[in-house]
Amino acid sequence: MSRFLLIALIVILLVLAILFILQPQVLDGIWMWLVGFAGYVVLLFRRASEGLKSLFTKSESPAKTADPVQAPAQPTPLITPQLSNDTLDELNEKVRALENQLLNAQKSGLPMASHAVTVLRYLDDGQTTLGLIFLKNRFFAYTLEDTHRDSKVHGKTRIPEGTYPLELNRVETPLTQRYRNRFPWFDYHIEIMKIPNFSRVYIHIGNTHADTEGCILIADGVNAADPQKMITHSRLAFERFYKTLHPLLNQGKQLSIQVLNEDWFSRSHLLQKTEAIAME
């Protein structure tokens with residue numbers, strides 16, 4: 001048997017040598033087939049040996065007890081703290097006190113006409129002033145103005161703090177015509193009147209201090225984080241504002257705007273009262 005295998009091996013080697021000399025490309029294909037076939041044979045022998053080994057070495061192990069069926073975890077119920085009626089009444093009383101203080105801060109001792117507009121300035125970085133605008137004592141939108149200057153610089157200075165009447169400027173200026181071309185609902189600009197050393201100060205659309213020359217810009221969003229302070233979505237806020245005030249002014253209603261500087265909060269003593277309530 002061994003002699004037969006030896007002869008067969010010699011014949012195979014001779015055949016391979018002849019193919020290598022005469023047709024090496026055929027030998028490449030046969031060689032790859034032989035390598036693949038040999039690998040397959042080795043894999044079969046390995047699996048067979050592992051199977052035999054497991055038969056002789058496998059020992060009986062005690063049967064595993066079945067894991068008890070676990071019920072799905074139930075979420076922990078949320079426990080809502082219960083407040084007594086006395087505590088709720090006390091909290092409501094404090095909230096009402098804060099609301100009254102805020103109204104006093106907006107008024108700041110100055111008379112306010114019905115339908116009055118209030119602007120509370122809260123930030124001035126030396127270039128831009130940001131504020132909040134209220135209608136009928138309710139927050140309405142954000143505002144942007146030029147910075148404060150002790151001596152007015154034309155086109156780069158915000159108006160002074162104060163209470164001023166609002167009127168429709170019924171003069172057709174190039175700016176008026178430009179707004180009419182953009183917005184079919186626009187008529188005349190709403191002007192802030194009787195400002196010392198200022199004229200033609202409007203409330204209108206814009207985003208940065210470059211869009212105003214002393215006027216008040218109005219918008220629905222604000223970006224105070226960047227060095228260049230700006231407001232966003234100005235057109236939408238201006239349209240709401242204009243459609244609210246224009247019919248009243250057009251009917252001859254006496255409306256006013258009150259503008260308060262950044263210290264309105266401390267002047268109203270709201271900060272001190274808030275801190276006192278928080279410490280109680």
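The values are calculated or read from the model by the stated rules, or taken from the named source; none is laboratory data. Please read these numbers as outputs of a predicted model, since none were measured by experiment. Every residue, glycine as well, gets a Cβ built from its backbone with ideal geometry; the counts of neighbours run over all protein chains shown.
Could you say which residue among THR176, THR143 is assigned by TED's automatic domain parsing to the domain that holds SER256 and either under 26 Å from ARG267 (Cβ atoms) or in a strand (DSSP E or B) (or both)?
On the way: THR176 fails: either under 26 Å from ARG267 (Cβ atoms) or in a strand (DSSP E or B) (or both).
Unique residue meeting the criteria: THR143.
Yes or no, residue by residue, for (1) buried (at least 19 other Cβ atoms within 10 Å of the Cβ); (2) assigned by TED's automatic domain parsing to the domain that holds ARG170; (3) within 28 Å of the chain's Cα centre (by Cα); (4) farther than 18 Å from ASP146 by Cβ:
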position	(1), (2), (3), (4)
PHE183	no, yes, no, yes
VAL201	yes, yes, no, no
ASP211	no, yes, yes, no
ALA219	yes, yes, yes, no
ARG235	no, yes, yes, yes
GLU239	no, yes, yes, yes
ASN250	no, yes, no, yes
Query raised in the report: Looking at (1) closer than 23 Å to GLN254 by Cβ; (2) modelled with pLDDT under 55, which is the one condition that is false for SER84?
Result: (1)
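Among what's in the range 218-241 and is over 20 Å from ARG138 (Cβ atoms) and of a type in the set (A, V, I, L, M), pick the residue that is modelled with the highest pLDDT. Steps first, answer last, please.
We begin by selecting, within the range 218-241, every residue over 20 Å from ARG138 (Cβ atoms); these are 223-230, 232, 235.
Within this subset, residues satisfying the condition of being of a type in the set (A, V, I, L, M) are 224-225, 230.
Numbers: ALA224: 83, ALA225: 82, MET230: 94.
Checked the range 218-241; the qualifying residue modelled with the highest pLDDT is MET230.
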